[in-house]
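Have a look at the structure below before the remarks.
The values are calculated or read from the model by the stated rules, or taken from the named source; none is laboratory data. Being a predicted model, the structure only gives us computed values, none of them experimental. Note: ideal-geometry Cβ built from the backbone for every residue, glycine included; neighbour counts use all protein chains shown. Each accessible area value is taken on the protein alone, full model and side chains, heavy atoms only, with ligands, DNA and RNA left out. Shrake-Rupley method; radii C 1.70, N 1.55, O 1.52, S 1.80 Å.
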Amino acid sequence: MSLSHALMTSLLEKSSSGYDLARRFDKSIGFFWRATHQQIYRELARMEKAGWITSEAAPDGGRTRKRIYRVLDAGRQELERWVREPAEPQDQRDELMVRMRADAVIGPLGLEAEIQRRMAQHAVKLEAYRLIEARDFPADKTLTREARIQHLILKTGIMYELGWLNWSKEALKVLQETDQPSQAG
């Protein structure tokens, strides 16, 4: 995924300054696509040069260099083109899986503490997702199509965190097992 497409999506939701965009990005798209504030500002400059977005001085009387960005027609067309392209699923790449393989080959290496540390991180993120879900998508509220799509995205995060928590519990059980010699005779 291109950072520019993520930023244009966010800007189409709401025209923003770079600072406000970066803060909103951290609280939404940032859950599944990481970018530093510096990367965001560099990308905004590149996108403006490409003619996908424009900016104007913020209406604060010129006291700051703050600019408000919005998507131009060329940017919307680029986003629509990109959305229609096929996208390959991303392969999982997690060094914990290599460590688990090493544990399987060498023997107990004490991975339990790392798995418990990760479990705590996944539990925190799951709780954050659940709070967002309760706040933004209450069961008794009729949601627009846009809101239902946003809820689907959030549900993906919830399922991901639940999956990691369930996997971690199973991994801890397996790591605590010791093989018993077979009693064949």
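Annotations for the structure displayed:
- Scanning the stretch 1-16 for residues that are within 20 Å of Glu146 (Cα to Cα) and among the polar types (S, T, N, Q) returns Thr9, Ser10, Ser15, Ser16.
- Residue check for Glu13: open to solvent by 50 Å² or more (accessible area, probe 1.4 Å) and more than 21 Å from the chain's Cα centre (by Cα): no
- Within the stretch 112-152, if we keep just the residues that are small (Gly, Ala, Ser) and assigned to a helix (DSSP H, G or I), the residue that is farthest from Gly30 (Cα to Cα) turns out to be Ala113.
- Only residues that are touching a helix residue (DSSP H, G or I) at 6+ places or on another chain (Cβ under 8 Å) and farther than 16 Å from Val71 by Cα were counted in the stretch 26-48, giving 8.
- Boolean, Arg42 is within 23 Å of Arg23 (Cα to Cα), open to solvent by 70 Å² or more (accessible area, probe 1.4 Å) and either in contact with a His (Cβ under 7 Å, 6 or more places away or on another chain) or free of Cβ contacts under 8 Å to residues at least 40 places away in the same chain (or both): yes
- The sole residue among Leu109, Leu79, Leu96 that is open to solvent by less than 100 Å² (accessible area, probe 1.4 Å) and assigned to a loop (DSSP other than H, G, I, E, B) is Leu109.
- For Arg67, the conditions (1) more than 17 Å from Gln150 (Cα to Cα); (2) open to solvent by less than 20 Å² (accessible area, probe 1.4 Å); (3) touching a strand residue (DSSP E or B) at 6+ places or on another chain (Cβ under 9 Å) all hold with the exception of (2).
- Residue match in the stretch 23-30 (condition: open to solvent by 30 Å² or more (accessible area, probe 1.4 Å) and closer than 21 Å to Glu78 by Cβ): yes
- Residue list for the stretch 136-170, filter: exposed (fewer than 13 other Cβ atoms within 10 Å of the Cβ), acidic (Asp, Glu) and modelled with pLDDT under 95: Asp140, Glu146
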